[in-house]
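A short write-up of the structure that comes next.
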């Protein structure tokens with residue numbers, strides 16, 4: 001298995017804000033990297049050694065092991081990595097919430113904020129405002145359209161539309 005710890009240990013040290021080489025390295029959550037030290041970061045004891053080596057006493061190299069000219073910019077890499085991990089956990093929470101909501105109601109939420117946040121805001125509009133003479137759009141092709149082309153904006157709607165259901169289209 002190819003890992004960052006094996007191929008780019010300096011990058012791993014910068015991502016985790018690890019300046020000193022240590023056995024049983026803690027996993028830091030957040031924080032800022034200043035003066036060769038990580039500040040304001042809660043730590044999980046032995047966490048980084050467990051993730052990297054699957055051993056609580058595994059040795060994790062720190063930035064001190066590398067020449068200064070070969071070190072990545074510690075704070076930039078560390079903060080970027082934390083943002084990436086945060087976005088991943090936010091998407092995981094959104095997926096869990098969506099699964100729970102679907103299990104509870106057997107349909108996805110159709111509130112305005114949810115549809116806009118997930119990029120699904122175009123498909124209800126597309127189902128109501130179709131170009132005149134176009135065949136009905138099935139659920140599968142509607143999902144494919146939204147996945148490939150993104151949400152339809154009112155200004156992108158063709159001029160010759162007919163109302164399938166609901167009020168007439170707003171004039172632009």
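When we screen 64, 69 for residues that are over 14 Å from residue 18 (Cα atoms), assigned by TED's automatic domain parsing to the domain that holds residue 25 and either at pLDDT below 75 or part of a helix (DSSP H, G or I) (or both), the only hit is 69.
Taken over the range 109-138, residues that are at pLDDT 75 or above and in contact with a helix residue (DSSP H, G or I) (Cβ under 6 Å, 6 or more places away or on another chain) amount to 1. Take the conditions (1) touching a strand residue (DSSP E or B) at 6+ places or on another chain (Cβ under 6 Å); (2) surrounded by fewer than 14 Cβ atoms within 10 Å (Cβ to Cβ); residue 92 misses just one of them, which is (1). Considering only residues that are within 18 Å of residue 67 (Cα to Cα) and in a loop (DSSP other than H, G, I, E, B), look in the range 2-47 and name the one that is nearest to the chain's Cα centre (by Cα). Once the filter is applied, the top-ranked residue is 17. Tallying residues that are in contact (Cβ under 8 Å) with a residue 24 or more places away in the chain and surrounded by fewer than 17 Cβ atoms within 10 Å (Cβ to Cβ) within the range 43-54 yields 1. When 82, 57 are checked against the criterion of being surrounded by 11 or more Cβ atoms within 10 Å (Cβ to Cβ) and part of a loop (DSSP other than H, G, I, E, B), a single residue qualifies: 57. For the range 5-16, a tally of residues being touching a helix residue (DSSP H, G or I) at 6+ places or on another chain (Cβ under 9 Å) and at pLDDT 90 or above returns 8.
The values are calculated or read from the model by the stated rules, or taken from the named source; none is laboratory data. Just so we're clear, the structure is a prediction, and the values are computed from it rather than from any experiment. Don't worry about glycine lacking a Cβ; one is built from the backbone with ideal geometry, like all the others, and counts go over all protein chains shown.
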